[in-house]
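Here, each number is a calculation from the coordinates, and none is a lab measurement. Note that the coordinates shown come from a computational prediction; the quantities given were computed from them, not determined experimentally. Cβ coordinates were reconstructed from backbone atoms using ideal geometry, including for glycine residues, and neighbour counts include every protein chain displayed.
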Amino acid sequence: MRQEDFDRDWEAAGKELLTRMKAWRLAHPKATLDEIERALDKRMRELRGEMLEDIAQASDLADVRAQPEAERPVCPKCGARLGPRGQEQRTLETDGDQRITLTRSYAVCPECKAGFFPPG
Ligand SMILES: [Zn+2]
């Protein structure tokens, strides 16, 4: 696990969420509980998406090239050791309806030529 992948400042992001909610509340003094909840959920989903992106990105499998050959994942079809085939971006939709982009190794099987993003 590469420590440097975690360097986004989540504490600051959490404080910013609180600051933005306070500002929103001051601008909406008559908001109903439902409206407050929706505003809060929207901002929390955004933060959740950012955190998910960072945490998912901090994976050894994010870069197959950096792994010793003996530790690289194997092909789920034939069991051959996978070879790296560059980095590609993969955009996914999360449960909170946020789009996150991960830069992952794309790996290819030297035997059956299947190519895919290793899980993890
Ligand atoms: Zn294979």
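Alpha carbons only, please: Rg and Dmax for the chain, in angstrom.
Answer for the chain, Rg first and Dmax second: 19.8, 65 Å.
Most exposed first by the Cβ proxy, i.e. fewest other Cβ within 10 Å, how do Lys30, Lys77 rank?
Lys30, Lys77
Treating the angle as unsigned and between 0 and 90°, give the value, to the nearest 10°, between the Cα long axis of helix 10-27 and the longest Cα principal axis of the chain.
30 degrees
May I have the extent of the alpha carbons of region 7-58 along their three principal axes, as whole Å values ordered from largest to smallest?
In descending order, the Cα extents are 42, 18, 10 Å.
Give me the tail of P(r) for region 61-120 as a percent: Cα-Cα pairs with distance above 19 Å.
That fraction is 32 percent.
For the chain, which cysteines have no disulfide-compatible partner, meaning no other cysteine Cβ under 4.7 Å?
That list is Cys78, Cys112.
Long-range amide H contacts for Arg85: which residues qualify at under 5 Å (H placed 1.01 Å from N, peptide plane, sequence gap of 5 or more or a different chain)?
So Arg85 has HN proximity to Tyr106, Ala107, Val108.
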